[in-house]
1. Starting from the Cα of Lys78, draw a straight line to each of the lysines and keep only those under 29 Å, dropping any in the same chain fewer than 8 residues away.
2. Once phi is turned into ³J(HN,Hα) by the Karplus curve 6.51 cos²θ - 1.76 cosθ + 1.60 with θ = phi - 60°, what whole-Hz value does each residue of the stretch 195-203 show in order, with x for glycine and proline?
3. Please list, or write none, the aspartates and glutamates whose alpha carbon is within less than 19 Å of the alpha carbon of Lys167, excluding same-chain residues fewer than 8 places away.
4. Express in whole angstrom the spacing between the alpha-carbon centres of the stretch 203-235 and the stretch 78-145.
5. Tally Lys/Arg at +1 and Asp/Glu at -1 over every other residue whose Cβ is under 13 Å from the Cβ of Gln98; what's the total?
6. Where Lys and Arg each count +1 and Asp and Glu each count -1, what net charge lies around Glu248 among other residues with Cβ under 15 Å from its Cβ?
7. Report the rotationally averaged projected area of the chain based on its alpha-carbon convex hull, in square nanometres.
8. Check Leu52: other-chain or 5+ apart residues with amide H under 5 Å from its amide H, H built from backbone geometry?
Amino acid sequence: MSGIDTLPPLREVIAAHGLSARKSLGQNFLLDLNLTAKIARQAGDLTGADVLEIGPGPGGLTRGLLASGARKVLVVEKDMRCIPALEEIGAAYPGRLQIIEGDALEVDPLAHLSAPIRVVANLPYNVGTELLVRWLTPTTWPPFWQSLTLMFQREVADRIVAQPGSKTYGRLAVLAQWRAEAQIVMSLPPGAFTPPPKVSSAVVHLTALPEPRFPADPQILSRVVAAAFNQRRKMLRAALKGQASDIEDRLRAAGIAPTDRAEQVSLEGFCALARELA
Ligand code: SAM
């Protein structure tokens with residue numbers, strides 16, 4: 001018994017299924033089910049929602065999500081060793097857990113989910129960042145998800161919620177904050193994980209806004225922001241000179257000084273510039 005359900009403690013599950021953590025898969029497991037239930041609660045009211053969980057591993061967070069009342073949890077896990085352990089969880093929650101064995105960067109799980117959909121994941125940070133960028137840049141908005149609740153290295157979490165003027169403000173902050181509300185909702189020390197990673201982690205909760213905060217063409221905005229931050233130490237008139245022959249005039253028309261650097265420009269400023277360049 002574990003406190004949140006009638007399944008065995010995760011240490012026993014890991015021992016029974018031989019789930020020694022693999023560095024190549026970024027496996028740092030959460031074994032405290034009270035903690036995983038707390039992370040699940042950060043995702044909001046799960047009753048009546050389908051949850052997509054990427055990288056369930058031995059299923060600590062999965063159990064937290066099911067115990068929190070999620071209508072259905074769909075998990076995508078790359079490590080086939082974890083599948084039998086996940087099937088045991090499915091047996092304890094009949095009809096509510098669907099398991100897909102595969103790489104989340106290649107699998108499209110949407111056919112199996114119904115709105116409202118919330119995404120929750122504790123993933124290796126490189127896979128997490130890649131998926132976050134994909135989830136933030138769909139071809140149409142609003143996206144398939146209502147919220148994303150994602151564990152990141154603290155440094156990546158800081159970049160997502162960063163404000164202009166800070167060293168961590170960049171493309172990820174603009175992408176995340178343009179069409180979503182992003183907040184750090186939990187901080188976790190390395191010792192919360194088995195084995196402990198080298199750095200601290202944080203959970204970021206993003207809620208999709210019905211519409212972007214400021215109008216802009218997504219592709220132009222993305223291109224301008226990437227160009228501006230690729231040379232973040234340069235003045236914008238230099239960093240963006242490939243974007244238009246009269247870039248200084250366009251910057252001024254958008255209310256931005258051509259001598260500013262990317263990190264000084266607000267989200268509203270970048271959107272105004274994207275409109276000027278449209
Ligand atoms: N969610 C579990 C927890 O909190 O204890 C495991 C977290 S562990 C940091 C990351 C998990 O993601 C591992 O189970 C790993 O096998 C899985 N994983 C890594 N890369 C993946 C990928 N590309 N697609 C799906 N799962 C992946």
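Coordinate-derived values only; no laboratory data. Note that the coordinates shown come from a computational prediction; the quantities given were computed from them, not determined experimentally. Here Cβ is always computed from backbone atoms with ideal geometry, including for glycine, and neighbour counts include all displayed protein chains.
1. Counting by Cα, and skipping residues close in sequence, Lys78 has these lysines nearby: Lys23, Lys38, Lys198.
2. For the stretch 195-203, the Karplus-derived couplings read x, x, x, 6, 10, 6, 10, 8, 9 Hz, x marking Gly and Pro.
3. Lys167 reaches Glu155, Asp158, Asp260, Glu263, Glu268.
4. 25 Å
5. Net charge in that neighbourhood comes out at -2.
6. Net charge around Glu248: +2.
7. Hull-based average projected area comes out at 14.5 nm².
8. Close amide H contacts, sequence-distant or interchain: Leu74, Arg118, Val119, Val120.
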